[in-house]
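Below you'll find the structure, written out as structure tokens, and then a few comments.
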Amino acid sequence: MPAVSPRALSPRARIIAVCAALVIVLFAVAALAPLPFTVAQPGSTVNVLGANGGKQVITISGSGTRKSTGQLRMTTIAATGPEATVRLGDVVSGWFRTDRAVLPREAVYVGDTTKEIERHNADQMRESQNTATSAALGYLHKSPRDIKVTLRLADVGGPSAGLLFSLGIVNKLDGDGRGGDLTGGRTIAGTGTIDAHGTVGAVGGVPLKTQAAKRDGATVFLVPKAECGDARAEQPKGLRLVPVTTLDGAVRALRNLQSGGAVPHC
């Protein structure tokens, strides 16, 4: 069969050929061009009742504290850095994996430079620690003038550890209020912001955090009630989801897990 030269093509065929070539070029450019997305995966978890980086996460002076028989693990996601290049292949791959999430960059990072983002995250963590302390001491009716709480958590930013910080302080000072331990010897994980009045707020990234929790041995996951749907979407087998809206409700749920009382579920 003789080869067909471009000149032998009809005008319509030439138009189609040019359009096809342009489409191929556009796909090639899209595949190579950086995109304004971040790819996230399950991150680390830290037992706030123990040590991290060689230092106790929660240190309390001015009052006696108690040892725990279980763990309260705050959870994180690990995301590509603010200056990382994310291409079309990364995005497509992330969409088809349950252990990945593709998120708009602005949904993860606030700021234009790495230093701005680090400063913002550090400020949020500092505020989270302060409000978590206020919420816990307020719940226990203890005065911050008499008790000093120091929270240390290296290389983690943002406000999402607030609930677990508060629970850790409550457990160290008062346990379950009945002479026992809030954890009941279990590994409890969770996430959620908290304000000074003990109200728990949503955080994002919950499906990835539940995977991190299960990986690190948790059997119970405390989740902001507003994010129950997200948590169920990729719920790991054997991980019990407990929705919470307040610090008081979280403490009550953990007590009832031990006593056999009513425990809310997603």
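The values are calculated or read from the model by the stated rules, or taken from the named source; none is laboratory data. In this text the structure is predicted, and so the values were computed from the model without any measurement. Neighbour counts run over all protein chains shown; Cβ positions are idealised from the backbone, glycine included. What goes into the accessible areas is simple: the full protein's heavy atoms, side chains included, and nothing from ligands, DNA or RNA. Shrake-Rupley method; radii C 1.70, N 1.55, O 1.52, S 1.80 Å.
So here's what we get for this one:
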item: Any chance residue 207 is assigned to a helix (DSSP H, G or I) and not charged (D, E, K, R); result: yes
item: Scope segment 132-168; condition under 16 Å from residue 244 (Cβ atoms) and within 20 Å of the chain's Cα centre (by Cα); matching residues; result: 132, 159, 160, 161, 162, 163, 164, 165, 166, 167, 168
item: Answer from 132, 136, 122 - the residue that is open to solvent by less than 80 Å² (accessible area, probe 1.4 Å), at negative phi, in contact with a strand residue (DSSP E or B) (Cβ under 7 Å, 6 or more places away or on another chain) and among the small types (Gly, Ala, Ser); result: 132
item: Selection from segment 214-234 of residues that are at pLDDT 95 or above, assigned to a loop (DSSP other than H, G, I, E, B) and either buried (at least 16 other Cβ atoms within 10 Å of the Cβ) or at negative phi (or both); result: 216, 218, 219
item: Count of segment 235-266 residues which are within 24 Å of residue 171 (Cα to Cα), open to solvent by 50 Å² or more (accessible area, probe 1.4 Å) and either in a helix (DSSP H, G or I) or touching a helix residue (DSSP H, G or I) at 6+ places or on another chain (Cβ under 8 Å) (or both); result: 8
item: Residue count, segment 42-66 (criterion: open to solvent by 70 Å² or more (accessible area, probe 1.4 Å) and more than 21 Å from residue 134 (Cα to Cα)); result: 3
item: So residue 115, is it under 20 Å from residue 163 (Cα atoms), open to solvent by 40 Å² or more (accessible area, probe 1.4 Å) and of a type in the set (Lys, Arg); result: no
item: Residues within segment 72-112 that are among the small types (Gly, Ala, Ser), within 16 Å of the chain's Cα centre (by Cα) and open to solvent by less than 50 Å² (accessible area, probe 1.4 Å), tallied; result: 4
item: Matching strands (runs of 3 or more DSSP E) fully within segment 76-195 where at least 2 residues are closer than 17 Å to residue 208 by Cα and modelled with pLDDT of 90 or more; result: 187-190
item: From 190, 204, 168, 185, residue being in contact (Cβ under 8 Å) with a residue 60 or more places away in the chain, open to solvent by 40 Å² or more (accessible area, probe 1.4 Å) and not β-branched (Val, Ile, Thr); result: 185
item: Given (1) within 26 Å of residue 230 (Cβ to Cβ); (2) open to solvent by 70 Å² or more (accessible area, probe 1.4 Å); (3) touching a residue at least 60 places away in the same chain (Cβ under 8 Å); (4) not small (Gly, Ala, Ser), index of the condition residue 69 fails; result: (1)
item: Residues (touching a Lys or Arg at 6+ places or on another chain (Cβ under 9 Å) and touching a residue at least 40 places away in the same chain (Cβ under 8 Å)) located in segment 222-238; result: 223
